[in-house]
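Data block below; observations after.
The values are calculated or read from the model by the stated rules, or taken from the named source; none is laboratory data. This is a predicted model, so every value here is computed, not measured. Cβ coordinates were reconstructed from backbone atoms using ideal geometry, including for glycine residues, and neighbour counts include every protein chain displayed.
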Amino acid sequence: GDLVTFDGVTKTYSNGFAALAPVDLAIRRGEVLSVVGPSGCGKTTLLRMAAGLSGASTGSVRRNVERTSYVFQDPTLLAWRSVQANTELVARIRGVGRAERRRAASEALELVGLGHVAHSLPRELSGGMKMRVSLARALASDPELMLMDEPFAALDEFTRERMSDELLRLWRERGFGVMFITHSIREAVKIGHRVVVMAKGPGRVADVVDSPSPPT
Ligand code: ADP
Ligand code: ADP
């Protein structure tokens, strides 16, 4: 079945702010779902609920997913630990054994083209490379669902364009489902199979459209 299903979901924060009007939406297994809309429209609210990090005020969020990974705009790497150690971090926190997490992290680093800098420190890397480490760290726990909140927003336009190609290549290789938040309509259409368009105001989904050029 679908990875996550939103049924008539609203979110009113504890201060009374209504951040989400009723949302009906599914994240399908293996699809890339883009979510686009202006700042403050409720994209992160929706993603946090898909993650199970925040509850629905009314309606229900059903999650049918065991392994979820996150990628955010800020790669938040530990400055004093190697690229390899950073890539193993999530698996380590999840209690994956040393040999297995080492293997998974090395494979993920190869996959993002960073096998050669496994022993470097984050400060020796460019912004694009740091984002690749963040992707490798997410991949190393073999996710069924990748939740990505404006992952490439801090990168220059050239790197950003490369990273979206890179993400699609990884997706073809591994076939995980993706919820990809962006405020770029172009990026949403390029990356997604379906595009959720959110409207400004009391967060509501204005439309869900098929991308004219879905990745294959
Ligand atoms: P987006 O990701 O589209 O920029 P958010 O989901 O972060 O939007 O926020 C939607 C709206 O909800 C914003 O107006 C924001 O200020 C408000 N909001 C977000 N989190 C909270 C919270 N914990 N308490 C109150 N208001 C919040
Ligand atoms: P929930 O019911 O999902 O836990 P809360 O209203 O308790 O939502 O807020 C969740 C978190 O968001 C809190 O840690 C709060 O400090 C933070 N927060 C509060 N206001 C905002 C805001 N305007 N934008 C973003 N985050 C906020």
Quick one: how many residues across the range 114-140 are buried (at least 21 other Cβ atoms within 10 Å of the Cβ) and of a type in the set (S, T, N, Q)?
-> 1
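Looking at the structure I just gave you, is V96 modelled with pLDDT of 95 or more and buried (at least 16 other Cβ atoms within 10 Å of the Cβ)? Give the steps one after another, and end with the answer.
Details: modelled with pLDDT of 95 or more: no; buried (at least 16 other Cβ atoms within 10 Å of the Cβ): yes.
Taking the combined requirement at face value, the residue does not satisfy it.
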Assuming L46 fulfils every condition listed in (1) farther than 23 Å from R94 by Cβ; (2) surrounded by fewer than 15 Cβ atoms within 10 Å (Cβ to Cβ) apart from one, which condition is it?
-> (2)
Any idea which of (1) assigned to a loop (DSSP other than H, G, I, E, B); (2) out of contact with any strand residue (DSSP E or B) (no Cβ under 8 Å at 6 or more places or on another chain); (3) crowded, with 23+ Cβ neighbours inside 10 Å; (4) not aliphatic (A, V, I, L, M) is the one P151 doesn't satisfy?
-> (2)
Would you pick out the residues in the range 19-37 that are under 21 Å from S213 (Cβ atoms), surrounded by fewer than 24 Cβ atoms within 10 Å (Cβ to Cβ) and either within 15 Å of ligand 1 (Cβ to nearest atom) or modelled with pLDDT under 95 (or both)?
-> V36, G37
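Taking A104, is it of a type in the set (A, V, I, L, M) and away from ligand 2 (no atom under 16 Å from the Cβ)? First the steps, then the outcome.
Numbers: of a type in the set (A, V, I, L, M): yes; away from ligand 2 (no atom under 16 Å from the Cβ): yes.
It is true that A104 is of a type in the set (A, V, I, L, M) and away from ligand 2 (no atom under 16 Å from the Cβ).
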The condition of being closer than 24 Å to S164 by Cα, within 16 Å of ligand 2 (Cβ to nearest atom) and not acidic (D, E) holds, among A50, A19, A56, A26, only for A50
Do any residues in the range 81-105 that are closer than 14 Å to L139 by Cβ and in contact (Cβ under 8 Å) with a residue 24 or more places away in the chain have Cβ atoms under 8 Å from those of residues that are surrounded by fewer than 16 Cβ atoms within 10 Å (Cβ to Cβ) and among the small types (G, A, S), where the two are at least six apart or on different chains, and which pairs are they?
-> V83/S120
Could you please tell me which pairs satisfy a Cβ distance under 7 Å, a separation of 6+ or placement on different chains, a first residue in the range 54-76 that is within 21 Å of A140 (Cα to Cα), and a second residue that is hydroxyl-bearing (S, T, Y) and more than 16 Å from ligand 2 (Cβ to nearest atom)?
-> R67/S141; S69/S141; V71/S134; P75/S134
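Considering the range 30-84 alone, what residues qualify as being in a helix (DSSP H, G or I) and hydroxyl-bearing (S, T, Y)?
From the range 30-84, those in a helix (DSSP H, G or I) are 43-51, 83-84; that's our starting set.
Across the range 30-84, the qualifying residues are T44, T45.
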